[in-house]
Structure formats: C-alpha cells, structure tokens
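> Pasting in a structure now, in structure tokens, and then I'll have a few things to ask.
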Amino acid sequence: MKELDYSPLNSSVTAEQIRQFKRAHSSSQSGELIFRLIIGTFILAIIGLAASILFEVEFSNPALILILLLVAGGIFVVLSLVRSRGQWERWIRMSRFALDNDLVFETETAPPGYAGMIFSIGENRAIQERISRLDDPFVDIAQYRYTTGSGKNKRTHHWTYLALKLDRRLPQMVLDSKLNNTILSNLPAIFTRSQVLELEGDFNSKFKLYCPKEYETDALYIFTPDLMSALMDKAAALDVEVVDDWIFFYANGQLDLSTPEVLSQFFKIVQTVGKKVISQSARYADSRLQSPAEARSGLNSRLAADMIAPQGRRLKRGISWAAVSLMVGIFLLWLLIGHFGFGLFS
C-alpha cells in the first residue's frame with residue numbers, strides 16, 4: 001500500500017465548494033435539515049409555553065409571543081446551519097482525502113453484512129461515515145450505529161470499526177481490551193470463561209483472549225509473540241475480533257474520521273497488525289476437518305478446503321456473572337436503604 005497523503009484533511013473549504021458538494025452528493029440532507037428546523041422550532045415553542053405556565057407568566061400580547069417564537073426559531077436555525085456547515089466541511093475534506101489516495105468515501109449507507117459481533121445487534125443499523133479501500137486486502141473504516149430497546153429504554157449505540165479482509169478463514173477469536181473497560185467489559189457480547197486462553201508476558205494485562213475449546217494451539221499459531229507485540233503497541237485500546245476471513249477492530253463511540261491522527265492510526269494497524277495476521281494465517285488449515293485420507297495426502301488438500309469445523313466457527317455465548325452480581329448487589333442495597341434508610345439518616 002502506497003504512503004497516504006493526509007494533507008486534504010486539513011485543507012480549506014469555501015462556501016461555494018460546500019454548495020457544489022451538496023448539489024452533487026445529497027438532496028436528502030437538505031430535506032433532513034429543514035425537518036430538523038421545523039421540529040426544533042416546535043420544541044422551543046412547547047418549552048416556552050411550558051415555562052410560561054410553570055412560572056405563571058401571562059403573555060397578553062400575541063405579537064410579543066410571535067416575536068419570541070421567531071427569535072427562538074432564528075437562534076435554532078443559526079445553530080443548526082453552523083453545525084451543518086461543519087459537517088459538510090468534514091465530508092468535503094474526507095472526500096478529498098479518499099480521492100487523492102485511491103480510496104472510497106461514503107455517508108449514510110446501509111449496514112454491512114459482516115459476521116462481527118456488533119453487526120447483528122439491534123435495529124436501525126446504519127453506517128454514518130466510511131472510508132474504504134477496494135483493492136486487496138479490502139479495508140473498511142467507518143462509524144456505525146444501531147438502536148436497542150424501545151420507548152423510554154430506547155438507546156442508540158455508536159461504534160467506530162476497522163474491518164480487514166483476510167486470505168484464509170480462521171476460528172472465531174476475540175480480544176477484549178482491558179484498557180477500554182470500566183467495572184465490566186464493554187463488549188456487546190458475552191463469552192463463556194472456559195474459552196479464555198492465557199498468553200505469555202504482558203499481553204494478559206492488556207487483553208483477554210477468547211478462543212473455542214480445543215483451538216488453543218490454533219490460537220497460539222496465529223498470535224505469535226511478534227503479533228502480540230504489534231497489538232499491544234498499535235491497538236491496545238481496541239477490541240479485536242477474528243471471525244471467518246475477517247479481522248475487526250472496535251472502538252466504542254464515535255471517533256473523528258476526519259482527523260489525520262485517527263485515520264493514520266487505523267491505517268498503521270492495517271500495515272502492522274493486519275499484515276502480520278495475513279502473513280501468519282497464510283498456511284493455516286483446520287486439522288479437525290480432515291479425514292484419514294486427507295491426513296495422508298498432506299497439508300495442501302487441507303489448505304484447499306479453507307473451512308473451519310463447526311465447533312470452531314463461533315465462540316459459545318455466556319452470561320456475565322459479574323453483571324448479575326452487580327445488579328443483585330444494587331437491589332439488596334436498595335432494599336436495605338428502603339428498610340433502614342429513615343433510621344440511618346435521621
């Protein structure tokens with residue numbers, strides 16, 4: 001992969017260039033902005049009405065009410081336009097970066113059909129921004145979102161991911177970064193503890209490695225000391241998943257893909273960790289698929305199959321006993337305060 005030029009991400013953008021970019025790339029964005037302005041003004045009117053009732057303020061002059069609503073709406077319009085301009089500037093710079101480096105830039109696209117753990121959860125899945133490389137190996141860097149729950153419990157989840165296509169299928173393996181966890185893991189999926197594999201050196205202080213049972217040797221074949229060192233150096237704060245012929249790197253939240261710092265870090269991961277994974281797995285073959293005849297025929301026939309046995313394709317899901325214990329503890333504390341609270345604080 002050639003050296004990337006990140007200077008377009010810091011280039012200047014004029015108002016005329018924004019207008020041209022809007023016309024060329026999205027008519028729906030303008031409609032969405034108008035819709036937001038109407039909804040925002042309506043919300044401000046409701047807030048003003050509620051405040052007048054709450055504080056018992058009487059507006060006997062209809063003209064005054066209209067002026068106040070227009071002022072509130074004008075403020076909202078200005079703030080929305082400023083925010084919208086900033087977004088268009090970001091997208092223009094990212095589009096220039098992609099064009100200058102033989103990459104593809106897209107916004108608001110349909111969700112990818114990846115097998116990674118974050119791509120099968122929730123509803124309203126969508127990619128907000130993505131920069132991809134179509135040449136081998138395929139690289140996809142994007143902001144991704146989905147929603148879970150409904151009503152008051154509805155929540156939008158944001159992730160930033162790097163997807164890299166591999167040459168071989170591998171057993172599913174997950175590296176849970178300990179640097180981005182709080183009390184509990186931030187992974188959207190839970191795996192049974194019996195699948196945790198302890199590795200050597202400082203790696204266990206940075207990551208928890210999950211691999212299918214009886215695939216421990218296969219995991220050690222892939223995660224060599226030099227690969228572990230590259231992961232600790234370049235991707236210690238990211239969760240990593242290997243599944244089928246893909247490797248994914250996940251960051252919980254929205255990273256700013258319009259900055260050279262963020263994008264260069266992702267492409268460094270591709271050039272170091274990604275390259276090592278591709279190289280290390282180039283001759284991998286799942287021995288559990290072979291028949292006695294295939295075992296006698298040698299490695300080449302197993303390589304030609306490029307498949308993983310059913311027991312290695314997916315990790316077994318589990319229950320977070322730490323989360324259960326935390327919830328039980330909170331519930332017991334609530335009961336305790338409810339029973340003795342008045343006596344404790346009187």
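The values are calculated or read from the model by the stated rules, or taken from the named source; none is laboratory data. Predicted model, so just to flag it, every value in this text is computed and none were measured. We place every Cβ from the backbone using ideal geometry, glycine too, and count neighbours over all the protein chains shown.
> Inspect region 241-260 for any residue being out of contact with any Lys or Arg (no Cβ under 9 Å at 6 or more places or on another chain) and farther than 30 Å from N10 by Cα and give the result as yes or no. Steps first, answer last, please.
Taking region 241-260 and keeping what is out of contact with any Lys or Arg (no Cβ under 9 Å at 6 or more places or on another chain), we get 241-242, 248-253, 255, 259-260.
Next cut, farther than 30 Å from N10 by Cα only: 241-242.
Within region 241-260, one or more residues are out of contact with any Lys or Arg (no Cβ under 9 Å at 6 or more places or on another chain) and farther than 30 Å from N10 by Cα.
> On the basis of being exposed (fewer than 13 other Cβ atoms within 10 Å of the Cβ), out of contact with any Pro (no Cβ under 7 Å at 6 or more places or on another chain) and either on the phi > 0 side of the Ramachandran plot or polar (S, T, N, Q) (or both), does N153 make the cut? Can you show your working first?
Working: exposed (fewer than 13 other Cβ atoms within 10 Å of the Cβ): yes; out of contact with any Pro (no Cβ under 7 Å at 6 or more places or on another chain): yes; either on the phi > 0 side of the Ramachandran plot or polar (S, T, N, Q) (or both): yes.
Taking the combined requirement at face value, the residue satisfies it.
> If you don't mind, there's one more thing I want to ask. Given the structure, is L209 of a type in the set (A, V, I, L, M, F, W, C), in a loop (DSSP other than H, G, I, E, B) and touching a residue at least 12 places away in the same chain (Cβ under 8 Å)?
No.
> Kindly evaluate N181 against the criterion of being assigned to a loop (DSSP other than H, G, I, E, B) and more than 30 Å from R288 (Cα to Cα). Please lay out each step first, then the result.
Numbers: assigned to a loop (DSSP other than H, G, I, E, B): yes; more than 30 Å from R288 (Cα to Cα): yes.
Taking the combined requirement at face value, the residue satisfies it.
> Give me the residue from region 301-315 that is part of a loop (DSSP other than H, G, I, E, B) and either touching a Lys or Arg at 6+ places or on another chain (Cβ under 8 Å) or polar (S, T, N, Q) (or both) and, out of that set, modelled with the lowest pLDDT. Talk me through it step by step, then tell me what you get.
So the first thing to find is which residues in region 301-315 are part of a loop (DSSP other than H, G, I, E, B), and the list is 306-309, 314-315.
Then drop every residue that is not either touching a Lys or Arg at 6+ places or on another chain (Cβ under 8 Å) or polar (S, T, N, Q) (or both), which leaves 306-309.
Details: D306: 89, M307: 92, I308: 94, A309: 94.
Filtering region 301-315 for residues that are part of a loop (DSSP other than H, G, I, E, B) and either touching a Lys or Arg at 6+ places or on another chain (Cβ under 8 Å) or polar (S, T, N, Q) (or both), the one modelled with the lowest pLDDT comes out as D306.
> Same structure, new question: Which one of the conditions (1) touching a Phe, Trp or Tyr at 6+ places or on another chain (Cβ under 9 Å); (2) on the phi > 0 side of the Ramachandran plot; (3) modelled with pLDDT under 95 does G298 fail to meet, given that it meets all the rest?
Every listed condition holds for G298 apart from (1).
> Right, here's the next one. Looking at region 95-151 only, could you name the residues that are part of a strand (DSSP E or B), touching a residue at least 40 places away in the same chain (Cβ under 8 Å) and among the hydroxyl-bearing types (S, T, Y)?
T107
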